[in-house]
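Q: This is the structure I want to talk about, given as structure tokens.
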Amino acid sequence: MEEVQEKIQNLEIEDKQEEQQNSEQQTKLTPNQLKKLKQKQKKAQKKEQEKQEQEEKQQEVQDENNKSDQKQDSFEQELQWCIKQLKLGLVNNNLDKDQIKESTKVISKLESNTVLLVEKRHLMRVIFGDYRKLMKMIK
């Protein structure tokens, strides 16, 4: 954003300089030449404005992509933590057959690529409650 503001300031300075030069030249130009000159200036301004808008849109898209990547990375960490905790529970605790069966079923669902992320989050919440808080406490 700072770069965009600097560019805008530079353009304003350039516009002022062009206006001064044009005002000096305008005394020598015919009305038709003045009209064409103004049209050229308007086109140039319009192109520059469109270019700035396009750059801003590209920056917004890039920012959104970065946020999406960060969310995905965060979810993957949470998912791996939950799977690890379930596996540790299987190894460390004396569980009956039903508990072992339920744990392995949950692990397989969490590791599956066909299960939706929403379902995985729901499973994680049901099994661990506020798993994000637990992750922070354990670390």
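Q: How far is helix 117-128 tilted, in degrees, relative to the longest principal axis of the Cα atoms in the chain, given as a value from 0 to 90 rounded to the nearest 10?
A: 50 degrees
Q: So for the pair LYS97, ARG121, with labels modelled 7 Å out along Cα→Cβ, what separation do we get in nm?
A: Label-label distance for LYS97 and ARG121, simple model: 3.7 nm.
Q: Moving on. Anything over 30 Å Cα to Cα? Flag those among LYS71/LYS97; LYS57/LYS109; LYS43/LYS67; LYS57/LYS133; LYS67/LYS101; LYS16/LYS36, in the order listed. Each step should come with its number before you reach the end.
A: Details: LYS71/LYS97 36 Å; LYS57/LYS109 39 Å; LYS43/LYS67 36 Å; LYS57/LYS133 36 Å; LYS67/LYS101 37 Å; LYS16/LYS36 19 Å.
Beyond 30 Å: LYS71/LYS97; LYS57/LYS109; LYS43/LYS67; LYS57/LYS133; LYS67/LYS101.
Q: For volume of the Cα convex hull per residue in Å³, which listed value, [x] 154; [y] 173; [z] 138, comes from the coordinates shown?
A: Here volume of the Cα convex hull per residue in Å³ agrees with entry [z].
Q: Residues with amide H under 5 Å of LEU95's amide H, sequence separation 5 or more or different chain, H placed in the peptide plane at 1.01 Å from N; which?
A: Hits under the 5 Å cutoff: none.
Q: So how far apart, in nm, are the two label points at ASP130 and LYS87 if each is 7 Å from Cα heading toward Cβ?
A: For ASP130 paired with LYS87, the spin-label model returns 2.8 nm.
Q: Taking θ = phi - 60°, what integer Hz values does the Karplus form 6.51 cos²θ - 1.76 cosθ + 1.60 yield along region 46-54, in sequence order, with x for Gly and Pro?
A: Computed from phi, the couplings for region 46-54 are 5, 4, 5, 5, 4, 5, 5, 4, 5 Hz.
Q: Starting from the Cα of ASN113, step 7 Å along the direction of its Cβ; do the same at LYS139; then give the gap between the two resulting points in nm.
A: 2.7 nm
Q: If you don't mind, another one. Give me the angle, in degrees from 0 to 90, between the Cα long axis of helix 97-111 and the longest principal axis of the Cα atoms of the chain, rounded to the nearest 10.
A: It works out to around 20 degrees.
No value in this document is a laboratory result; all are computed from the given coordinates. The model shown is predicted, which means the values in this text are computed figures rather than measured ones. With ideal geometry, Cβ positions are generated from the backbone for all residues, glycine too; neighbour counts draw on all protein chains shown.
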